[in-house]
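Peer 1: Dumping the structure here so I can ask a few things about it.
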Amino acid sequence: MNKGSKGNKGTPLSERLWALLLICAAAAFGAVTLMYFVLFWKLSFVDMPGNECGSGTCPRGMGWLMLFTPALGAAAVLLWKAVPEGVRRRSCLVTLVAGAVALAALWPGWRAYEWMRGPQMYVSGWQMADGSGAAKPVGVWALPDSGGGMLVRARVDGLVAFDGEGRHGWRLPAPERTAVCALSRDTSRGIGLMAYDGGTGGCGKQVAAVDLKEGRRLWTRDASSAQVAAVGDTAVLTQPDSVAGLDLRGGGERWRLPVAAGCRVAGVGGAGERAVYVEECAGRTKARLVAVDARTGARAWEAALPTASALGEVRVLSAEPLAVRVKESAPRGTDAVLLFDAGGRARGTVAAAELQGEPLVTGGLLVSAVGAGKKSGVAAYSLIDGRRAWHRGFGEEQVLGLASAAGPGEVAVVTSDHWWTYLTRLGEGDGGRREEATILREMPLGSRFVFRAGPPGFYVFVNLDADDALFPTFEVRPVWGW
């Protein structure tokens, strides 16, 4: 009678189980090594710009693959060599079990690779360019409550609507011998206002209201150098000699305020039931900001602006809280965002010299790109007193655009360096990064674009360059794949 607990092949059960464990571990490490080798090859010859890289230009995750691939490969070889020679090829069952373990190991290996690569997004569902590049884009309206997130892209030859996934919707051509030249900053009740150039120079020869859900004009009115704003259910229309309030949907006139001879309206805006406009008069050193009831035209208040020369630029960036961008034509004149309370009292300024590009108004803050080069970043300023609330540096990355992020209380920032484009989510309250920057892969972006949050985790981009090579609108979504 044999001593000990030996199996029917003369090898102790404990040794055979240990050998099986070693074989399975070697198979698992070997499978992940092979996968990482393929992924490293893909990063090196497909994703890497020019097939060479240096500090900060290598595809994210390449350094980790360079570390783990040989380490896992060496571990697989050592584990295989530790298996007793007589046990390696003794059973088909062992081979099947090892193969199953190797396949199962690919999943955690892939998840580890996703961690190495960090968050990434890619373009999906993009469209062919919508006509000739000679038709210059003018702007875009976003309708987040339109059931899927409709976007309306305006070009000089008309409007084109896209749904939240970039598919074409309705088209509304500009009237014959006219060109779209300006859009109201905001829409209201699903209606936007636009101004046409009649071909004789100057914008605002004609004004129209458009139902943005159906893509049809509600009314059209001839004008002269008109500026427009949609405020509640009122269309505010400024002309050289007056400011008028029209029924937003019907176009009927509700009120009209005369503008004194020698004066002009330099900017208009509003929110809720309050419209505001800037009036500048020849011979008067200070321009003034006027607030009226949007439904009745009753004057609520007026406030003098700190100006002493002609205005070069005026824009109402926000009506609640009230923020007006003012730039004098004089070289050392006022160049700032002026802040006012609901009664028209000045309560702070933000120096425009610090601001870059189009600012974002969100959560009681004015958020803007600031600085350049190694001092490039994003800063937020309080709309209550103009004080800087926070600053977030981006080093050598250039800030390209800002938008409200998908998450509540967050700002999305698109930046780029020499090789890559990124999307970073910052907290509105403190400017802190919410996660590692997301790489936006193969982004067809022009010099002018806008973007906004789409479905959860997705973003929709709209190019505003006249370029046939650029897609007019497209969506980016998290990468599922390599």
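Peer 1: Tally up the residues in the range 298-307 that are in contact with a Leu (Cβ under 7 Å, 6 or more places away or on another chain) and either modelled with pLDDT of 95 or more or open to solvent by 50 Å² or more (accessible area, probe 1.4 Å) (or both), please.
Peer 2: Residues of the range 298-307 in contact with a Leu (Cβ under 7 Å, 6 or more places away or on another chain): 302-303, 305.
If we keep only those that are either modelled with pLDDT of 95 or more or open to solvent by 50 Å² or more (accessible area, probe 1.4 Å) (or both) too, we end up with 302.
Result for the range 298-307: 1.
Peer 1: Across the range 417-445, which residue is farthest from Gly61 (Cα to Cα) among those that are under 13 Å from the mean Cα position of the chain (by Cα) and not aliphatic (A, V, I, L, M)?
Peer 2: Ranking the candidates gives Arg425 first.
Peer 1: Given the condition open to solvent by 40 Å² or more (accessible area, probe 1.4 Å), within 21 Å of the chain's Cα centre (by Cα) and more than 15 Å from Gly401 (Cβ to Cβ), answer yes or no: does some residue in the range 378-389 qualify?
Peer 2: no
Peer 1: So, in the range 209-235, how many residues would count as being more than 22 Å from Pro258 (Cβ to Cβ) and surrounded by fewer than 22 Cβ atoms within 10 Å (Cβ to Cβ)?
Peer 2: 11
Peer 1: Counting only residues that are among the aliphatic types (A, V, I, L, M) and more than 17 Å from Leu355 (Cβ to Cβ), which one in the range 399-413 is most open to solvent (accessible area, probe 1.4 Å)?
Peer 2: Ala406
Peer 1: Of all residues in the range 245-258, count the ones that are outside any loop (DSSP other than H, G, I, E, B), in contact (Cβ under 8 Å) with a residue 40 or more places away in the chain and closer than 22 Å to Thr187 by Cβ. Please lay out each step first, then the result.
Peer 2: Within the range 245-258, the subset outside any loop (DSSP other than H, G, I, E, B) is 245-247, 253-258.
Cutting the leftovers down to in contact (Cβ under 8 Å) with a residue 40 or more places away in the chain gives us 245, 254-257.
From what's left, closer than 22 Å to Thr187 by Cβ: 245, 254-255.
Matching residues across the range 245-258 total 3.
Peer 1: Further question: All but one of (1) of a type outside the set (Phe, Trp, Tyr); (2) more than 25 Å from Val138 (Cβ to Cβ); (3) open to solvent by 70 Å² or more (accessible area, probe 1.4 Å) hold for Gln356; which doesn't?
Peer 2: (2)
Results for (1) open to solvent by 60 Å² or more (accessible area, probe 1.4 Å); (2) over 17 Å from Trp115 (Cα atoms); (3) at pLDDT below 85; (4) out of contact with any Cys (no Cβ under 6 Å at 6 or more places or on another chain), shown as yes or no for each residue.
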{"site": "Asn8", "(1), (2), (3), (4)": "yes, yes, yes, yes"}
{"site": "Pro12", "(1), (2), (3), (4)": "no, yes, yes, yes"}
{"site": "Glu15", "(1), (2), (3), (4)": "yes, yes, yes, yes"}
{"site": "Ala19", "(1), (2), (3), (4)": "no, yes, no, yes"}
{"site": "Ala25", "(1), (2), (3), (4)": "no, yes, no, yes"}
{"site": "Phe29", "(1), (2), (3), (4)": "yes, yes, no, yes"}
{"site": "Pro49", "(1), (2), (3), (4)": "no, yes, yes, yes"}
{"site": "Thr57", "(1), (2), (3), (4)": "no, yes, yes, yes"}
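Peer 1: Same structure again: Select, from Arg388, Arg452, Arg441, the only residue that is modelled with pLDDT of 90 or more, of a type in the set (Lys, Arg) and touching a strand residue (DSSP E or B) at 6+ places or on another chain (Cβ under 6 Å).
Peer 2: Values: Arg452 fails: modelled with pLDDT of 90 or more; Arg441 fails: modelled with pLDDT of 90 or more.
Result: Arg388 is the single residue among Arg388, Arg452, Arg441 that is modelled with pLDDT of 90 or more, of a type in the set (Lys, Arg) and touching a strand residue (DSSP E or B) at 6+ places or on another chain (Cβ under 6 Å).
Peer 1: Continuing with the same structure: Which residues, counting only those in the range 431-457, are within 15 Å of Ala406 (Cα to Cα) and without any contact (Cβ under 8 Å) to a residue 60 or more places away in the chain?
Peer 2: Arg433, Arg434, Phe451, Ala453, Pro456, Gly457
Peer 1: Restricting the range 461-478 to residues that are among the β-branched types (Val, Ile, Thr) and modelled with pLDDT of 85 or more, which is surrounded by the most Cβ atoms within 10 Å (Cβ to Cβ)?
Peer 2: Per the criteria, the residue is Val476.
Peer 1: Does Thr238 count as assigned to a strand (DSSP E or B), open to solvent by 40 Å² or more (accessible area, probe 1.4 Å) and of a type in the set (Ser, Thr, Tyr)?
Peer 2: Against the criterion (assigned to a strand (DSSP E or B), open to solvent by 40 Å² or more (accessible area, probe 1.4 Å) and of a type in the set (Ser, Thr, Tyr)), Thr238 does not qualify.
Peer 1: Follow-up question, since we're still on this one. Considering only residues that are more than 13 Å from Ala244 (Cα to Cα) and surrounded by fewer than 19 Cβ atoms within 10 Å (Cβ to Cβ), which ones fall in the range 275-293?
Peer 2: Cys281, Ala282, Gly283, Arg284, Thr285, Lys286, Arg288
Peer 1: Let me ask something additional. Mind checking whether some residue in the range 420-429 is under 23 Å from Trp115 (Cα atoms), open to solvent by 20 Å² or more (accessible area, probe 1.4 Å) and among the aliphatic types (A, V, I, L, M)?
Peer 2: Within the range 420-429 (the criterion being under 23 Å from Trp115 (Cα atoms), open to solvent by 20 Å² or more (accessible area, probe 1.4 Å) and among the aliphatic types (A, V, I, L, M)), the answer is no, since none of the residues qualifies.
Peer 1: Could you check Glu165 against (1) modelled with pLDDT under 90; (2) surrounded by fewer than 16 Cβ atoms within 10 Å (Cβ to Cβ) and say which number it fails?
Peer 2: Checking Glu165 against (1) modelled with pLDDT under 90; (2) surrounded by fewer than 16 Cβ atoms within 10 Å (Cβ to Cβ), the one that fails is (2).
Peer 1: Next up: Among the candidates Ala135, Ala105, which residue alone is surrounded by 15 or more Cβ atoms within 10 Å (Cβ to Cβ) and modelled with pLDDT of 90 or more? Spell out how you get there, then give the answer.
Peer 2: Values: Ala135 fails: modelled with pLDDT of 90 or more.
Answer to the selection: Ala105.
Peer 1: Within the range 285-313, track down each residue that is more than 28 Å from Arg254 (Cβ to Cβ) and without any contact (Cβ under 8 Å) to a residue 12 or more places away in the chain. Steps first, please.
Peer 2: Step one: of the range 285-313, the residues more than 28 Å from Arg254 (Cβ to Cβ) are 285-286, 306-310, 312-313.
Matches in the range 285-313: none.
Peer 1: So is Ser146 open to solvent by 40 Å² or more (accessible area, probe 1.4 Å) and modelled with pLDDT under 90 or not?
Peer 2: no
The values are calculated or read from the model by the stated rules, or taken from the named source; none is laboratory data. Everything numeric here is computed off the predicted structure, so don't read it as measured data. As a convention, Cβ positions derive from the backbone with ideal geometry for all residues, glycine included, and neighbour counts pool all protein chains shown. Ligands, DNA and RNA are excluded from the accessible area calculation, which covers all protein heavy atoms including side chains. Shrake-Rupley method; radii C 1.70, N 1.55, O 1.52, S 1.80 Å.
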